[in-house]
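Only the coordinates and a few stated rules stand behind these numbers; no lab work does. This structure is a prediction, so every number in the text was calculated from the model and none was measured. Cβ: placed from backbone, ideal geometry, glycine included. Neighbour counts: every protein chain shown.
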């Protein structure tokens with residue numbers, strides 16, 4: 001099944017400090033594209049903003065597994081869209097698992113885990129989506 005999605009994808013990963021990862025992807029989508037965020041682990045907190053609006057926030061301790069799903073499709077606007085996802089740790093182990101999909105294809109696979117990290121933002125993922 002063809003969705004007619006025009007995709008242009010680039011990805012970079014940077015290790016900024018030993019306990020931090022930053023990943024950025026970009027894609028081009030058409031009006032009516034489907035974009036979804038699925039989160040399976042967020043120890044201690046995962047928070048997401050689409051075009052500066054908070055669209056997700058989950059706080060946990062003890063690294064429980066779950067299956068949160070957020071449909072972001074209706075929040076995509078014509079032109080430039082920016083999704084920023086931050087993994088925040090409160091000390092000790094950090095673990096984040098999830099993915100961002102665009103028209104059923106994985107655009108961003110988020111997997112990060114360390115046995116110990118400093119407090120604060122320890123992981124960030126950014127997706128730049130242009131709808132045209």
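Packing, taken as the mean count of other beta carbons within 10 Å per residue, orders the peptides 51-57, 118-124 from highest to lowest as 118-124, 51-57.
If a/c stays under 1.5 just call it rounded; otherwise compare a/b with b/c (prolate if a/b is bigger, oblate if not). Do that for the stretch 73-132, with a ≥ b ≥ c from the square roots of the Cα gyration tensor eigenvalues. Spell out each step's value before the answer.
Working: a/c = 3.95, a/b = 2.25, b/c = 1.75.
It is prolate, given that a/c is not under 1.5 and a/b is the larger ratio.
Using the empirical formula 2.2 N^0.38 Å as the baseline, the Cα radius of gyration of the stretch 30-82 reaches a ratio of 1.29. Subtracting the Cα-Cα distance of residue 74 and residue 121 from 0.36 nm times their residue separation leaves 14.1 nm of extension gain. Note on the chain: GNM, Cα springs under 10 Å; of 100, 114, 46, the largest mean-square fluctuation is that of 114.
With the radius of gyration and the Kirkwood radius both derived from the Cα set of the chain, what is their ratio Rg to Rh? Walk me through the numbers on the way to the answer.
Values: Rg = 14.7 Å, Rh = 15.0 Å.
So for the chain, dividing Rg by the Kirkwood Rh gives 0.98.
Hey, in the GNM for the chain with a 10 angstrom Cα cutoff, which one of 42, 65, 29 fluctuates hardest? Among 42, 65, 29, the largest GNM mean-square fluctuation belongs to 65.
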